Amino acid sequence: MDSEYWLELHSDVQHRLESVIEVFEQATAAGLIWSPEKGGTEESMRVLRGQLASAAHLEMRLPIVAPMKAGKSTIINAIIGNTILPVREAAMTALPTRVELVDDIEEPLLTIHERDLAIYSGLPGRLTKRVNKNFRELAGKYGSMEPLLRAVRDKQVERVRSRYQGYPEVREALARLNDLVRLAAVLLPEEDVIGELFDVPTLRTPYWRRPEHDREPMPGKLVLIDTPGPDEEGVAVRLTGAVQAELASCHVVLILLDYVRMGDEATDKVKCLTDPVMKDIGIEKTYAVVNRVDQRRPGALDEEQDKDRVRRFVQIDLKLVDDGADSRIFETKGRLGLAAAGVLAALDRAGEDFSIADDPAARDFIWEQFEDAEDREIALANWDRDHLKARATKKWTESGIPRLLDEVVGKLRARAMPMLLDSTLKRQQRLLKSLVETAVVRIKAGQEDAQSIRDQLDELNGEMAKLDKLRKEMPDPDQLSKQTEARLAHNLAAIKEDGERILAELDAEPGRPRHPGRKESLLSRLVRQAGDMVQQAREMGAEMIGLPGPAVIMEFPSQDAADRYINRLSAAVIPILRAALEDGRDEIASAAGEVADEIIAEQDAKARPIIERASRRLSDAFDVALEVPDLTISDGDIEMPQAPVIEESRRFSRTRDVEKKIREWRYWLKLVPRKTIVAESYTENKPVFIVDQRMVKKELSDGFVDLMNQIARDLQNYVSGELSQQLKAYYGGLDAFLQRYRGSLEQALQAATESEAEKKAIAARLTSIHAAAKEHSEAVEVFQRQIEQSGD
């Protein structure tokens with residue numbers, strides 16, 4: 001369908017949304033508690049007004065949500081083609097930033113809302129006292145922020161402006177704003193600085209793309225939202241609230257996963273945030289990117305097999321199970337893509353005047369290609385413009401960013417209008433249905449006598465009291481932790497046994513029979529491989545001095561020789577321990593998940609009958625169909641310590657050949673001098689370097705056990721902390737559902753004391769609200785069918 005059709009439909013939807021907001025305002029003024037959100041009618045009205053603003057500006061919002069340090073800012077920078085969002089080794093993003101990809105400007109422009117300038121500018125003064133008190137500790141923990149800490153301490157922070165223009169100025173301003181907000185989250189935990197802000201910073205920027213990835217967009221613009229990770233220790237609660245606020249008004253969601261950390265508890269926190277949104281706007285509007293796939297271990301798996309494994313994992317873990325899900329899963333190498341895009345963009349800008357040696361983008365790209373400093377200097381000296389362009393083009397394609405640009409950015413820009421309208425309509429429809437239900441209960445209750453209302457209110461209060469009792473009896477974090485610990489003990493013991501079997505090869509006699517273990521098909525084969533490699537490591541007789549004691553004690557003539565032996569011995573078992581560790585991590589995660597599922601099922605089995613009973617009673621009493629809310633609860637490499645080498649001094653008995661002068665008799669009785677070589681015995685003290693294989697084994701064993709225990713502790717913390725919060729949210733949602741209808745009954749009871757004329761006026765007002773809400777709901781369904789048919 002052409003642009004004219006969509007512009008007309010957009011106008012109709014916008015007018016409808018304006019009318020819908022008026023009806024919700026009337027319902028709020030009439031005292032109806034209509035919102036299904038835990039934040040109540042105020043939160044729902046905020047979301048509705050945000051949707052109206054997005055629709056008016058044809059702004060389709062795409063938050064990029066990910067665990068801390070998964071590469072969100074790097075991916076956005078790669079899409080833009082320039083490092084404009086600040087990136088560093090430590091976590092950077094603390095403040096959501098709206099990034100508008102536009103074609104009508106040549107350099108980026110960052111704007112701060114006038115109402116927020118006072119908040120940002122006042123932050124340094126609010127932080128000064130606490131920074132002074134904790135300066136050393138903060139500088140040690142947040143080294144990259146030390147210049148800002150000094151400026152806060154010395155009251156020399158530059159005042160925040162409303163506009164910043166150009167790449168260096170925007171980059172510096174964003175870094176300072178993010179660091180100020182992060183410090184506030186750490187030092188002012190009792191305050192919600194992000195919650196105080198009227199709006200997030202807006203960055204309008206051109207973005208670089210190859211001509212083959214450009215397309216004619218429909219009316220509407222795509223806005224990326226860079227969000228903070230919801231898993232950073234110490235500030236997660238504040239940052240999570242900021243992410244939730246952005247998700248509440250989004251139209252599409254992109255979930256970014258780190259290839260080396262897929263499936264960990266940080267990813268689970270992201271899913272807890274995005275699951276409700278996916279239900280709200282539709283799973284087909286969810287995209288997934290697995291970043292840092294350049295960390296894929298060579299030789300560990302066939303690359304295509306591993307890609308298939310990653311794709312299946314994402315589909316299952318994120319519940320992307322619709323027909324088109326496979327086309328919405330991407331693999332990227334963010335750093336490589338950013339480096340390549342920077343070079344290609346710089347080449348386009350400079351043309352024939354481009355100089356490799358003088359261009360920072362070219363240097364960054366070459367630094368990304370080579371680890372060795374000499375190789376980098378050779379490339380800088382010998383590459384010409386054509387070679388650099390060809391290499392950058394190849395790496396740009398390999399990075400996966402072009403496909404992401406084409407399939408996500410390009411297509412979303414091309415379909416911004418229908419997707420924006422569809423997401424907006426789905427949210428409207430959910431709120432309208434809630435208002436219709438609430439209005440019906442209120443109208444029906446108003447037709448009952450006061451005693452009937454009191455009876456229903458008493459029954460409802462009784463059910464809510466039972467629900468409150470269950471909430472108070474809910475296991476606390478300590479109880480959840482102990483319950484999880486008890487269940488994981490068996491898994492830990494079995495996995496440690498696997499580690500012991502592998503490490504037993506370090507002191508096994510050659511040819512010793514190996515008995516089948518608990519994972520014969522995989523582990524026994526790996527154990528045999530470890531045994532063969534251990535024997536190879538022992539065949540270092542050329543460097544070994546001897547065996548002064550047990551066969552596990554080795555002496556070497558130098559520290560280097562001893563270190564080489566330890567490294568070879570460790571290399572024989574560490575890859576096998578890694579495999580056992582990864583299998584063990586999966587087993588422990590599965591066991592922890594089972595514990596969480598059991599706890600969830602137990603709580604749901606207790607609470608669900610209460611709310612269903614209350615819903616049925618209200619439905620029967622007032623002849624309405626109440627819908628029970630669909631509330632659910634979402635459910636590294638090994639670094640081994642090095643064994644020490646012991647240095648001792650030992651006395652050795654040796655013989656050596658020496659040259660001596662002797663005299664011998666010859667004829668004529670003359671004494672004739674002569675030189676000859678003779679053997680001479682002597683002793684000397686020399687250092688020897690001793691390797692005790694038992695110590696090697698102990699160090700490796702301790703490292704393996706520590707890592708297993710750390711994994712178990714992390715999962716216990718997840719179950720005890722995160723699950724506890726989810727259970728509270730679950731009960732909060734159930735309570736909010738019942739509170740809606742208790743409010744209607746209380747209002748009806750109060751209205752029963754009014755005059756007949758007033759009762760009629762109230763009934764007429766409620767009937768009007770109900771009719772308007774129902775009419776709007778039917779109109780929204782028509783719009784939704786039009787959009788659905790447009791995609792056929």
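Observations on the structure shown:
- Segment 166-186 and segment 408-454 have Cα centres separated by 38 Å.
- Each Lys and Arg adds +1 at its Cβ and each Asp and Glu adds -1 at its Cβ; summed about the Cα centre, segment 91-184 shows a dipole of about 960 debye.
- For the cross-link pairs LYS466/LYS759; LYS426/LYS472; LYS221/LYS279, the ones whose C-alpha atoms lie over 29 Å apart are LYS466/LYS759; LYS426/LYS472.
- Considering all different alpha carbon pairs of segment 739-792, the Kirkwood hydrodynamic radius works out to 13.8 Å.
- Think of each Lys and Arg Cβ as +1 and each Asp and Glu Cβ as -1; about the Cα centre, that makes the dipole of segment 399-444 roughly 240 debye.
- Near-label residues of segment 732-761 by backbone N, under 14 Å of a point 7 Å along Cα→Cβ of GLN244: 732-734, 736
- Between GLN447 and ASP306, the modelled label-to-label distance comes to 6.7 nm, taking each label 7 Å out from Cα in the direction of the beta carbon.
- Modelled FRET efficiency - R0 41 Å, ALA118 with SER19, Cβ distances, 0.05 increments: 0.70
- Relative to the compact-globule estimate of 2.2 N^0.38 Å, the Cα radius of gyration of segment 272-338 comes out at 1.24.
- Fully extended contour minus Cα-Cα distance, from ASP455 to TYR167, at 0.36 nm per residue: 97.0 nm
- Chain lengthening between ALA139 and ALA605 when straightened (0.36 nm per residue, less Cα-Cα): 162.8 nm
- Linear extension gain, LYS319 paired with LYS411, 0.36 nm per residue minus alpha-carbon span: 30.9 nm
- Rg to Rh, two decimals, where segment 9-142 supplies the alpha carbon set and Rh follows Kirkwood: 1.06
- Placing unit charges on the Cβ atoms of the charged side chains and taking the dipole of segment 308-439 about its Cα centre, the candidate lying farthest along the positive direction among GLN429, VAL343, ALA392 is GLN429.
- Förster-model FRET efficiency, 45 Å R0, ASP583 and GLU146, C-beta, rounded to 0.05: 0.60
- Summarising the label geometry, the points placed 7 Å from Cα in the beta-carbon direction at SER768 and ALA494 lie 6.8 nm from one another.
- When the listed pairs LYS72/LYS271; LYS496/LYS697; LYS69/LYS411 are checked against a 19 Å cut-off, the alpha-carbon distance exceeds it for LYS69/LYS411.
- Distance between the 7 Å Cα→Cβ label points at LEU52 and ARG713: 5.2 nm.
- For segment 355-447, chymotrypsin sites (Phe, Trp or Tyr not before Pro) are listed when DSSP marks them as loop and at most 15 other Cβ atoms sit within 10 Å of their Cβ; the list is PHE370.
- A Cβ-based charge dipole, computed about the Cα centre of segment 299-371 with Lys and Arg at +1 and Asp and Glu at -1, lands at about 340 debye.
Here, each number is a calculation from the coordinates, and none is a lab measurement. Computed from a predicted structure; not experimentally measured. Note that each Cβ is placed from the backbone with ideal geometry, even for glycine, and that neighbours are counted across all protein chains shown.
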